[in-house]
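Derivation of every value follows stated rules applied to the coordinates shown; laboratory data play no part. These numbers were taken from a predicted model, which means no experiment stands behind them. Reconstructed Cβ throughout: ideal geometry from the backbone, glycine too, with neighbour counts over all protein chains shown.
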Amino acid sequence: MWLIDKLAEQAIDKARREGQLDNLPGEGKPQQLEDDSQVPEQLRAGYRLLKNGGFLPPELEARKEYLALHELLETVEAPQKAELQRRLRQLELILGDRFRQLPAAVKQQAAARSRE
């Protein structure tokens with residue numbers, strides 16, 4: 001075991017003995033880990049830091065907006081619908097290949113809406 005590993009273990013044991021790890025939020029519950037398998041391994045730590053800081057890479061912001069627009073389109077009337085559909089098509093251009101990777105159901109809904 002490396003020195004850094006030993007020091008970390010000692011610090012954890014000390015905190016456990018002193019009760020610093022008792023009554024933490026989520027204690028005794030399974031961790032909710034996010035699936036980041038689609039993110040290249042060398043980018044995962046950076047993306048996680050950005051996300052924890054409240055930032056998303058531009059392509060993820062666009063995808064998030066795209067999915068939110070899809071949900072919104074189901075609730076709006078005709079005058080607003082045309083503007084939202086225009087914005088949706090703009091996001092499809094921005095997303096490019098990433099749009100093609102969206103689930104088939106989402107793409108089918110987008111195609112059906114564009115024909116309306």
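Once phi is turned into ³J(HN,Hα) by the Karplus curve 6.51 cos²θ - 1.76 cosθ + 1.60 with θ = phi - 60°, what whole-Hz value does each residue of segment 24-39 show in order, with x for glycine and proline?
Karplus values, whole Hz, x for Gly and Pro: 7, x, x, 4, x, 9, x, 6, 9, 8, 8, 7, 10, 5, 7, 8.
Using the count of nearby Cβ atoms within 10 Å as a rough guide to exposure, how do Lys14, Lys81, Lys29 rank from fewest to most?
Fewest to most other Cβ atoms nearby, the residues stand as Lys29, Lys14, Lys81.
By the scheme Lys and Arg +1, Asp and Glu -1, what is the net charge of all other residues having a beta-carbon under 14 Å from that of Leu7?
Taking every Cβ under 14 Å from that of Leu7, the sum is -1.
What distance in nm separates the two pseudo spin-label positions at Ala45 and Asp13, each 7 Å out from Cα along the beta-carbon direction?
Between Ala45 and Asp13, the simple spin-label model gives 2.7 nm.
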